[in-house]
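In what follows, a single structure is set out as structure tokens and then discussed.
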Amino acid sequence: MALNITSIKTSSNGLWQGDNPLDFAFPLLILQITLIILLSRSLAFLLKPIRQPKVIAQIIAGIVLGPSVLGRNKTFKHRLFPPWSTPLLESLASIGLLFFLFLVGLELDLVTIRRSGKRALSIAVAGMSLPFVSGIGLALILRKTVDGTDRVGFAQFLVFMGVAISITAFPVLARILTELKLLTTRVGCTAMAAAAFNDVAAWILLALAIALAGDGVNSHVHKSPLVSLWVLLSGVAFVAFMMILVKPAMRFVAGKCSPVTGAVDETYVCLTLLLVMVFGFVTDMIGIHSVFGAFVFGITVPKGAFAERLIERVEDFVVGLLLPLYFASSGLKTNVATISGAKGWGILALVIATACAGKIGGTFLTAVACKIPIREAMTLAVLMNTKGLVELIVLNIGKEKKVLNDEMFAILVLMALFTTFITTPIVLSIYKNTNDISFHQTLRKLGDLDTNDKATNEFRVLACVHGPNNAPSIINLIESIRSIQKSSLKLFIMHLVELTERSSSIILAQNTDNKSGSSHVEWLEQLYRAFQAHSQLGQVSVQSKTTISSLSTMHDDICHVADEKMVTMIILPFHKRWKKVEMENEEENSEVSQHQMEENIGHGWRGVNQSVLRNAPCTVAVLVDRGYGHGPQNLGLYTTVTQHVCVLFFGGPDDREALELGDRISNHPAVKVTVVRFIHKDVLEGNDMSHSSPSKTNGKSYNLAISKVYPPKEKELDDATMARFQRKWNGMVECFEKVASNIMEEVLALGRSKDYDLIIVGKGQFSLSLVADLVDRQHEELGPIGDILASSTHDVVSSVLVIQQHNAVLNGETPLSMRNDNVI
């Protein structure tokens, strides 16, 4: 039934009182949002195997719900998307757009853009100039072929077409690069830098287009050119006001956020979000779109802890719920039926061809001129052809100002959809990233460093970190294993970032200076400063890399870097860590174990560690941190003993590798090393040896595997390794043996004793009878002994380092389930 928009009420009285909720604004809005989100999410799930960005699914969802598909049904259209509901839906979508553009400005680092170099600037300028000129030429043709376009102001139509053809979508490009694992490559870095330049230029052109747009049809008759000039001058004054006055004020506000804890007063957060809307209103009042004010305000907020808190508070709600409404509303306005006949589809093909030729051609030629290899240049050109949010903003504004009629709007939306859709498959076909190529593993272990060859005596370590909490323990561990006598240390720090739907997880990689390898992230700089003195002496060199990947493929990135850099050992942080918490007036609970609080960063990271242990081409060390590197036990350079390390030796390749590491640590004058060898009568009798297998568990027992090794030979290697260690240190390192009667209690006693800051243990190739009572544990990746020491239920206070040696002999294992009542 026909409704008078002035009579629309917000909420209904319910079906029982005869009201249809679809005749009321709020219930209908809820249903519209639900339909849009469900459909866009479903389409995103279907398009995920071909790696399409979510913007594609969201636009298609709007087209499906709009007049092109379901909206052709009059009942569906008038019941679910009646004309009177459009302003309300678009207003809500515009609020989401307003805050999203604030986030884009918040994450856009102008310092990084200025540092990007002439190459990126040249590519960005050429990548916009040629398609802009092509768009103007195309506009001249369209004015003569598309009905109604000749009634639009000449300058307005030319500028809108030029901007629509030349724009590159910065956020969408970041997502595509990350999905393809190209973000930190040379191609990815150049593309992101050029896209950032492009983004800034697009906003300037957008402001120009809006200033010229006026009322669209016949605007040249009704509007004085001075009006456009005043709009532009007011826009320039607004930007100057923001940079000169607002930016210092926001620097003061950001300073109120604690850099350590990230805590910030709620008042400042609310004030900032309020200012987003205030400045949006100001630019709308000037005559420029409100999103321009939000974007510029986002740029004025300093990058750091305060910006991160704002992103955390706003991003999920805006990006997950509100922004899809804007993309979908663009689809709802798109009526494909307006493109009719051979002429209409021919015009669409012409627009797509012009957009692709201008953007790809301009970028490719400039990239080749900048001496970029042809394959990478073509990849870069295709990537820069990506369209997205700003494109749709331009088209929607053009439709609102009546610069674009329904047919031109539909043609340009489909052009944006097509050019973005083809980006991923074309890039995959012409550019194969080395991360996707199976790498040749050269197996390495610590024992290989014991040589007189200087080339092979360099100790290369890949230290993986999740965040600032890992920094103190990594600094302390690396300092302890840095040999002060023989080999130099080459440290590769790998910052692991989980790829999520949040754009901030992607933009984080832009904080890395790819030329120098130094990071602008504060806690990563702490790692650099810790080894700066050694680096100047030539003893330690440090490089960093940020990898952004889904947890299911993160191990591929780690193993690839380990193989590429020929590292000897990978250090992984355990997915749980403990920090000491001071408790006052708790005399009964005065033990240290009562003062520890467990932090779990997520089960997914445990899977990353397990996958690295299965596939690593070198030794792997998993660090279970219980405050290692915090407090008075922190190492100095050449001081008195401040740290005590215990190496537990049961026998087997992993334990021999742990002893090799203990040998290196023993060189440090501030570390006292103790070696405890556990002896069992079964070892003396020469029983079989077995090792932990990466096979799946049933939740109640470890799966062990019979190694294709000869136990007598293993015992000979164990004895030889221990004898060599004792001869080398000749009483300077305390070594003693224990006859194992109850392994679990004796190991726990060492962990509870508070005598050792760090306990090093092999993952586990043990005599079967030694582990018979230890197989019912939680963390298989740590081995039986490591699992005991890592448990939060045993009051262990020492940090633990679990070592696994990569050994080709262990391939081709035969699974064997071990339980307490079935010892083989």
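The values are calculated or read from the model by the stated rules, or taken from the named source; none is laboratory data. Keep in mind the model is a prediction, meaning the values are calculated, not measured. Glycine also receives a Cβ, built like all others from the backbone with ideal geometry; neighbour counts cover every protein chain displayed. The accessibility values were calculated without ligands, DNA or RNA, using every heavy atom of the protein model including side chains. Shrake-Rupley method; radii C 1.70, N 1.55, O 1.52, S 1.80 Å.
General remarks:
- Test: residue in region 303-318 that is open to solvent by less than 10 Å² (accessible area, probe 1.4 Å), closer than 28 Å to Met415 by Cβ and in contact (Cβ under 8 Å) with a residue 12 or more places away in the chain: yes
- Qualifying residues in region 743-767 (those that are farther than 18 Å from Leu623 by Cα and buried (at least 19 other Cβ atoms within 10 Å of the Cβ)) - the one modelled with the lowest pLDDT: Ser767
- Here the condition is being of a type in the set (Phe, Trp, Tyr) and open to solvent by less than 20 Å² (accessible area, probe 1.4 Å); of Phe132, Phe154, Phe102, it holds for Phe102 alone.
- Helices (runs of 4 or more DSSP H) completely within region 1-88 that count 2 or more residues being over 25 Å from Met415 (Cα atoms): 25-47, 74-80
- Of the helices (runs of 4 or more DSSP H) contained entirely in region 351-424, those carrying at least 1 residues that are open to solvent by less than 10 Å² (accessible area, probe 1.4 Å) and farther than 29 Å from Phe102 by Cβ fall at 374-383, 406-421.
- Verdict on Ser488 being at pLDDT 80 or above, open to solvent by less than 60 Å² (accessible area, probe 1.4 Å), among the hydroxyl-bearing types (Ser, Thr, Tyr) and not assigned by the TED database to the domain that holds Thr185: no
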